[in-house]
Amino acid sequence: MTTKRIINSVAPIRVCDNGGWTDTWFAEHGSIFNIGVYPYAEVQIEVTAFQGEGDRIVIDAENYGERYALQPNKPGWDRHPLLEAAIECMHVPENLAIQVTIYSEAPAGAGTGTSAAVTVALIGALDRLTPGHLTPHEVAHTAQRVETELLKQQCGIQDQICSAYGGINYIEMHRYPHASVSPIQIPNALWWELERRLALVYLGKSHSSSDIHKRVIRELENAGPECRKIADLRLTAGKSRDALFAGDFEALGRAMIENTDAQGRLHAELVSPAAQRIIEIAQAHGALGWKVNGAGGDGGSITLLNGSSSQAKREMIRAIEQNNPLFKNIPIYLSRYGLRTWETGRPVGDFRT
């Protein structure tokens with residue numbers, strides 16, 4: 001008798017990554033502050049025993065409306081390299097057939113680590129197919145390795161760590177890619193107030209790696225890990241951590257602004273005209289801080305930290321969305337947990353190898 005086994009997995013995206021760019025190979029060491037938030041990346045795997053016929057591994061990329069089978073022994077990647085590389089890395093047992101459904105409410109290319117969240121959720125779910133379980137740190141490291149080693153992409157470490165751990169984190173990268181993670185524990189009232197004050201605005205089009213980023217990387221690679229531009233970014237992480245421990249939202253806002261200004265000094269186009277327009281509107285409505293998410297550049301999103309008035313926040317969001325039909329507020333909630341996996345259905349004894 002065979003019974004379908006269902007594995008579920010979710011992982012948060014990341015906002016307000018103060019100290020970003022310092023979690024890279026060319027920075028060598030870094031300090032990063034970030035916040036894990038909903039909406040999550042979601043993965044569901046339907047598992048059955050493989051009888052030797054039919055498709056053994058099927059991917060359903062729901063956001064793209066694509067469903068297809070992986071071809072065994074076919075070299076290279078097909079439609080979704082990140083998903084296919086993660087599946088190859090995790091070595092699905094040959095006696096199992098799986099259908100993998102992936103979905104995220106966060107827009108692709110928002111600069112909020114969505115691809116990392118998807119990879120973390122996928123690896124976490126696939127990890128349940130074999131004996132033993134990876135720790136959150138091991139999941140994050142595996143997800144980052146998929147991008148850098150298998151896909152040969154430029155990739156820092158903070159996005160995967162935030163998705164695996166969730167919550168609010170201070171990350172110290174001692175030597176790329178090795179890092180320690182210090183979760184920032186704060187009272188519930190402060191947690192709820194931070195959640196109430198934060199807003200995430202999507203600029204209306206996907207951020208993608210560009211010639212700008214390549215030029216910045218070449219310059220930073222040649223400048224060395226102790227150059228002033230990287231050092232300025234590192235400092236904002238510690239300031240953010242200390243501000244939050246003190247419950248000082250004005251200081252946190254200043255750290256966000258310092259980080260965005262430091263991004264602009266890497267290259268003027270990392271803070272786009274669209275992001276600058278949102279900043280101007282946020283300033284006019286009393287916002288305390290703003291952080292262009294991720295590496296910055298054309299497209300993507302921006303995190304805003306508002307003052308004490310909920311009404312002023314709502315008025316700000318309305319003004320932003322009315323200014324440009326592409327600008328969109330994305331509701332977010334702080335995620336106390338990172339990667340979560342669980343199962344439904346009744347697993348058959350021979351499902352594990």
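The values are calculated or read from the model by the stated rules, or taken from the named source; none is laboratory data. Predicted, not measured: the structure shown is a model, and the values here were computed from it. Note that we place each Cβ from the backbone using ideal geometry, even for glycine, and neighbour counts take in every protein chain shown.
Which ones in region 107-138 are crowded, with 22+ Cβ neighbours inside 10 Å, under 17 Å from residue 44 (Cα atoms) and aliphatic (A, V, I, L, M)?
Once the filter is applied, which keeps residues that are crowded, with 22+ Cβ neighbours inside 10 Å, under 17 Å from residue 44 (Cα atoms) and aliphatic (A, V, I, L, M), region 107-138 yields 116, 117, 118, 120, 121, 122, 123, 125, 126.
Identify, please: which residue in region 236-273 is in a loop (DSSP other than H, G, I, E, B) and in contact (Cβ under 8 Å) with a residue 60 or more places away in the chain and is, among those, nearest to residue 167 (Cα to Cα)?
247
So if I check each of 326, 304, which one is assigned to a loop (DSSP other than H, G, I, E, B), aliphatic (A, V, I, L, M) and touching a strand residue (DSSP E or B) at 6+ places or on another chain (Cβ under 9 Å)?
That would be 326, the only listed residue that is assigned to a loop (DSSP other than H, G, I, E, B), aliphatic (A, V, I, L, M) and touching a strand residue (DSSP E or B) at 6+ places or on another chain (Cβ under 9 Å).
Out of the residues in region 271-294 meeting the condition of being among the hydrophobic types (A, V, I, L, M, F, W, C) and buried (at least 24 other Cβ atoms within 10 Å of the Cβ), tell me which one is farthest from the chain's Cα centre (by Cα).
Among them, the one singled out is 282.
When residue 330 is evaluated against the numbered criteria (1) in contact with an Asp or Glu (Cβ under 7 Å, 6 or more places away or on another chain); (2) surrounded by 15 or more Cβ atoms within 10 Å (Cβ to Cβ), which criterion, by number, is the only one it fails?
Exception for residue 330: condition (1).
Filter region 220-234 down to residues that are without any contact (Cβ under 8 Å) to a residue 24 or more places away in the chain and part of a helix (DSSP H, G or I) and give me whichever is nearest to residue 293 (Cα to Cα).
Residues of region 220-234 without any contact (Cβ under 8 Å) to a residue 24 or more places away in the chain: 222-224, 226-228, 231.
Narrowing the set further to residues that are part of a helix (DSSP H, G or I) leaves 222-223, 228, 231.
On the way: 222: 24, 223: 23, 228: 21, 231: 18 Å.
Residue satisfying both the conditions and the ranking: 231.
Name the single residue that is farthest from residue 189 (Cα to Cα) among those in region 285-301 being assigned to a loop (DSSP other than H, G, I, E, B) and of a type outside the set (A, V, I, L, M).
Going through the qualifying residues, I end up with 298.
Just to be sure, is residue 70 modelled with pLDDT under 95, crowded, with 17+ Cβ neighbours inside 10 Å and not small (Gly, Ala, Ser)?
Details: modelled with pLDDT under 95: yes; crowded, with 17+ Cβ neighbours inside 10 Å: yes; not small (Gly, Ala, Ser): yes.
Considered against the rule, which asks whether it is modelled with pLDDT under 95, crowded, with 17+ Cβ neighbours inside 10 Å and not small (Gly, Ala, Ser), residue 70 comes out as yes.
If a residue has to be small (Gly, Ala, Ser) and part of a helix (DSSP H, G or I) to count, how many in region 177-214 make the cut?
Of the residues in region 177-214, the ones small (Gly, Ala, Ser) are 179-180, 182, 189, 199, 204, 206, 208-210.
Now narrow it down to the ones that are part of a helix (DSSP H, G or I): 189.
Residues that pass the stated criteria total 1.
Out of the residues in region 129-173 that are more than 18 Å from residue 295 (Cβ to Cβ) and polar (S, T, N, Q), which is nearest to the chain's Cα centre (by Cα)?
The residue in question is 169.
Check residue 140 against each of (1) part of a loop (DSSP other than H, G, I, E, B); (2) touching a Phe, Trp or Tyr at 6+ places or on another chain (Cβ under 9 Å) and name the one condition it does not meet.
(1)
Could you look through region 189-226, keep only residues that are at pLDDT below 95 and of a type in the set (A, V, I, L, M, F, W, C), and pick out the one that is surrounded by the most Cβ atoms within 10 Å (Cβ to Cβ)?
Among those residues, the one meeting the criterion is 216.
Looking at region 69-90, is at least one residue part of a strand (DSSP E or B) and either of a type in the set (A, V, I, L, M) or touching a Lys or Arg at 6+ places or on another chain (Cβ under 9 Å) (or both)? Lay out the reasoning, then the answer.
Of the residues in region 69-90, the ones part of a strand (DSSP E or B) are 69.
Still in the list and also either of a type in the set (A, V, I, L, M) or touching a Lys or Arg at 6+ places or on another chain (Cβ under 9 Å) (or both): 69.
Yes - at least one qualifying residue is present in region 69-90.
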